[in-house]
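Read the structure below first, then the notes.
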Amino acid sequence: MTPTYKNIHNRFKLNGTHYNFEDLKEVAYSFIKEGLDFEKQIGDFLNHWQDDSELIDVKTSGSTGQPKTISLSKQAMVNSAIATGDYFGLEPGNTALMCLPANYIAGKMMLVRALILGLEIEVIEPKTNPIFDNEVHYDFCAMIPIQVQKAIQRLDHINTLIIGGASVNYQLKEKLQNLKVNAYETYGMTETITHIAVKKLNNFNTDKDCSPVEASYFETLPNIKISQNKSQCLVIVAPNILEETIETNDVVKLHSATSFEWLGRKDNVINSGGVKLFPEQIEAKLQPQIASRFFISKENNDKFGEHVILVVEDKDFNLKLSDLKDLSKLEVPKNIYTVDKFIETSSGKVNRGKTLQLLQK
């Protein structure tokens with residue numbers, strides 16, 4: 001029988017202490033009244049988790065549009081936690097580290113997984129450089145890429161690490177190759193209650209898991225069905241998590257009933273002379289060559305309709321277009337623009353649209 005959101009696992013621990021459903025009301029009250037800002041966010045979540053509503057409000061990150069608040073089913077969040085637990089083999093009593101803010105879905109779901117799966121979770125301040133005990137072993141943790149970058153020398157104390165919120169760049173993937181931690185990039189959004197698919201990044205076991213080539217594909221969690229619409233965008237059906245089918249704006253290539261390759265955002269596609277170019281694919285080729293943060297975008301072109309441009313977060317950037325390697329003729333940027341600082345969303349992602357507006361001023 002599937003547990004409900006009121007069924008707290010008897011192995012659940014928060015910062016080393018067992019709590020039942022009623023006890024958590026006191027914990028929430030204490031966090032809200034006396035806690036630090038990140039603890040108040042945890043208290044607010046626990047308070048709403050225990051109220052009479054079957055829904056909970058969650059803020060989206062604003063990476064693909066204006067940030068907004070949506071309502072999610074608590075039972076769907078429970079089902080999502082179970083799917084993650086099944087995929088990664090998490091067991092009651094496993095330890096977890098929470099270093100993400102509880103006012104966004106990723107942080108909320110770390111708490112839900114602990115409550116439902118019976119994890120012993122330690123919560124720390126969600127800084128870009130998370131401070132955690134190097135001598136403690138953690139079975140499970142979720143981070144954003146900048147946290148992984150900052151904590152790279154301490155990750156071998158974590159067994160399974162999921163990385164989300166932004167794509168994992170080439171340099172970070174390279175640094176993960178020699179570590180013991182089992183690292184996975186996630187695919188998902190607030191509307192899908194965090195990830196519905198994951199992609200292994202290191203420690204490939206060709207006899208058991210997958211080859212490095214196959215690892216460029218995302219693999220879906222249990223009970224997730226995927227397909228494509230006419231625009232070749234990913235369509236997600238997840239009866240245990242979603243009330244309705246979700247048609248994304250992510251163009252993908254399906255490799256099996258449970259795996260897909262992410263090509264890029266439909267709204268970012270550059271149509272140059274009738275050829276569709278995906279900025280994200282060009283960026284992947286350039287990542288080994290450019291140390292600063294950058295992104296690929298487009299400008300109007302009288303002959304081809306649109307052409308590629310490169311925007312770099314470095315006013316002193318001096319790489320020449322002729323120095324860029326591994327690009328097709330149409331992929332080579334026609335112009336390079338530099339800015340002092342990218343504009344970011346509230347969750348720290350690069351806001352491409354607003355950054356491009358800086359160039360027009």
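Give all pairs with beta carbons closer than 9 Å in which a residue from region 92-110 that is closer than 16 Å to Lys40 by Cα and at pLDDT 95 or above meets a residue that is open to solvent by less than 10 Å² (accessible area, probe 1.4 Å) and among the basic types (Lys, Arg); count only pairs at least 6 apart in sequence or on separate chains.
none
Among (1) touching a residue at least 60 places away in the same chain (Cβ under 8 Å); (2) closer than 21 Å to Tyr138 by Cβ; (3) open to solvent by 50 Å² or more (accessible area, probe 1.4 Å), where does Ser80 come up short?
So Ser80 meets the others, but not (3).
Test each condition in (1) open to solvent by 10 Å² or more (accessible area, probe 1.4 Å); (2) of a type outside the set (Ser, Thr, Tyr); (3) within 22 Å of the chain's Cα centre (by Cα) for Ile42 and report the one that comes out false.
(1)
Quick one: would you say Ser61 is modelled with pLDDT under 95 and within 20 Å of the chain's Cα centre (by Cα)? Spell out the reasoning first.
Values: modelled with pLDDT under 95: yes; within 20 Å of the chain's Cα centre (by Cα): yes.
Yes, satisfied.
Within region 117-128, can one find any residue that is open to solvent by 50 Å² or more (accessible area, probe 1.4 Å) and not acidic (Asp, Glu)?
As a first pass, look at region 117-128 and keep what is open to solvent by 50 Å² or more (accessible area, probe 1.4 Å): 120, 122, 125, 127-128.
Then drop every residue that is not not acidic (Asp, Glu), which leaves 127-128.
The answer is yes, given that some residue of region 117-128 is open to solvent by 50 Å² or more (accessible area, probe 1.4 Å) and not acidic (Asp, Glu).
Considering only residues that are open to solvent by 60 Å² or more (accessible area, probe 1.4 Å) and not β-branched (Val, Ile, Thr), which ones fall in region 271-280?
Of everything in region 271-280, those that are open to solvent by 60 Å² or more (accessible area, probe 1.4 Å) and not β-branched (Val, Ile, Thr) turn out to be Asn271, Gly274, Lys276.
Among the residues of region 26-39, which ones are surrounded by 15 or more Cβ atoms within 10 Å (Cβ to Cβ) and in a helix (DSSP H, G or I)?
In the first step, residues of region 26-39 are kept if they are surrounded by 15 or more Cβ atoms within 10 Å (Cβ to Cβ); the result is 27-28, 31-32, 35, 38-39.
Selection gives Val27, Ala28, Phe31, Ile32, Phe38, Glu39.
Could you list, in sequence order, the residues of region 135-172 that are touching a Lys or Arg at 6+ places or on another chain (Cβ under 8 Å), of a type outside the set (A, V, I, L, M) and in contact (Cβ under 8 Å) with a residue 60 or more places away in the chain?
Gly165
Looking at Asn351, Asn300, Asn318, Asn268, which one is open to solvent by 40 Å² or more (accessible area, probe 1.4 Å), of a type in the set (S, T, N, Q) and touching a strand residue (DSSP E or B) at 6+ places or on another chain (Cβ under 7 Å)? Please lay out each step first, then the result.
On the way: Asn351 fails: open to solvent by 40 Å² or more (accessible area, probe 1.4 Å); Asn318 fails: touching a strand residue (DSSP E or B) at 6+ places or on another chain (Cβ under 7 Å); Asn268 fails: touching a strand residue (DSSP E or B) at 6+ places or on another chain (Cβ under 7 Å).
Exactly one of Asn351, Asn300, Asn318, Asn268 is open to solvent by 40 Å² or more (accessible area, probe 1.4 Å), of a type in the set (S, T, N, Q) and touching a strand residue (DSSP E or B) at 6+ places or on another chain (Cβ under 7 Å), namely Asn300.
Quick one: which residue in His9, His48, His18 is of a type outside the set (A, V, I, L, M), in contact (Cβ under 8 Å) with a residue 60 or more places away in the chain and open to solvent by 50 Å² or more (accessible area, probe 1.4 Å)? Step through it out loud before you land on a result.
Values: His48 fails: in contact (Cβ under 8 Å) with a residue 60 or more places away in the chain; His18 fails: in contact (Cβ under 8 Å) with a residue 60 or more places away in the chain.
Exactly one residue qualifies, and that residue is His9.
Residue check: is Ser256 under 26 Å from Tyr170 (Cβ atoms) and at pLDDT below 95? Walk me through it before giving the result.
Numbers: under 26 Å from Tyr170 (Cβ atoms): yes; at pLDDT below 95: yes.
Yes: the conditions hold for Ser256.
Go over the candidates Phe218, Phe204 one by one and state the one that is at pLDDT 95 or above and not aliphatic (A, V, I, L, M). Please lay out each step first, then the result.
Working: Phe204 fails: at pLDDT 95 or above.
Exactly one residue qualifies, and that residue is Phe218.
Quick check on region 140-185: of everything there that is part of a strand (DSSP E or B) and open to solvent by 30 Å² or more (accessible area, probe 1.4 Å), which residue is nearest to Glu344 (Cα to Cα)? Please lay out each step first, then the result.
Start the filter on region 140-185 by keeping residues that are part of a strand (DSSP E or B), which leaves 140-143, 158-163, 182-185.
If we keep only those that are open to solvent by 30 Å² or more (accessible area, probe 1.4 Å) too, we end up with 159, 182, 184.
Working: Asn159: 31, Asn182: 29, Tyr184: 24 Å.
Filtering region 140-185 for residues that are part of a strand (DSSP E or B) and open to solvent by 30 Å² or more (accessible area, probe 1.4 Å), the one nearest to Glu344 (Cα to Cα) comes out as Tyr184.
Considering Glu283, Glu306, Glu261, Glu344, which residue is at pLDDT 90 or above and either more than 24 Å from Ala106 (Cβ to Cβ) or open to solvent by 70 Å² or more (accessible area, probe 1.4 Å) (or both)? Walk me through how you get there before you give the answer.
Working: Glu283 fails: either more than 24 Å from Ala106 (Cβ to Cβ) or open to solvent by 70 Å² or more (accessible area, probe 1.4 Å) (or both); Glu261 fails: either more than 24 Å from Ala106 (Cβ to Cβ) or open to solvent by 70 Å² or more (accessible area, probe 1.4 Å) (or both); Glu344 fails: at pLDDT 90 or above.
So the residue among Glu283, Glu306, Glu261, Glu344 that is at pLDDT 90 or above and either more than 24 Å from Ala106 (Cβ to Cβ) or open to solvent by 70 Å² or more (accessible area, probe 1.4 Å) (or both) is Glu306.
Identify, please: which residue in region 64-91 is under 17 Å from the mean Cα position of the chain (by Cα) and part of a loop (DSSP other than H, G, I, E, B) and is, among those, modelled with the highest pLDDT?
The selected residue is Pro67.
The values are calculated or read from the model by the stated rules, or taken from the named source; none is laboratory data. Computed from a predicted model, the values in this text were never measured in an experiment. Neighbour counts run over all protein chains shown; Cβ positions are idealised from the backbone, glycine included. When the accessible area is computed, the model is the full protein with side chains, heavy atoms only, and any ligands, DNA or RNA have been set aside. Shrake-Rupley method; radii C 1.70, N 1.55, O 1.52, S 1.80 Å.
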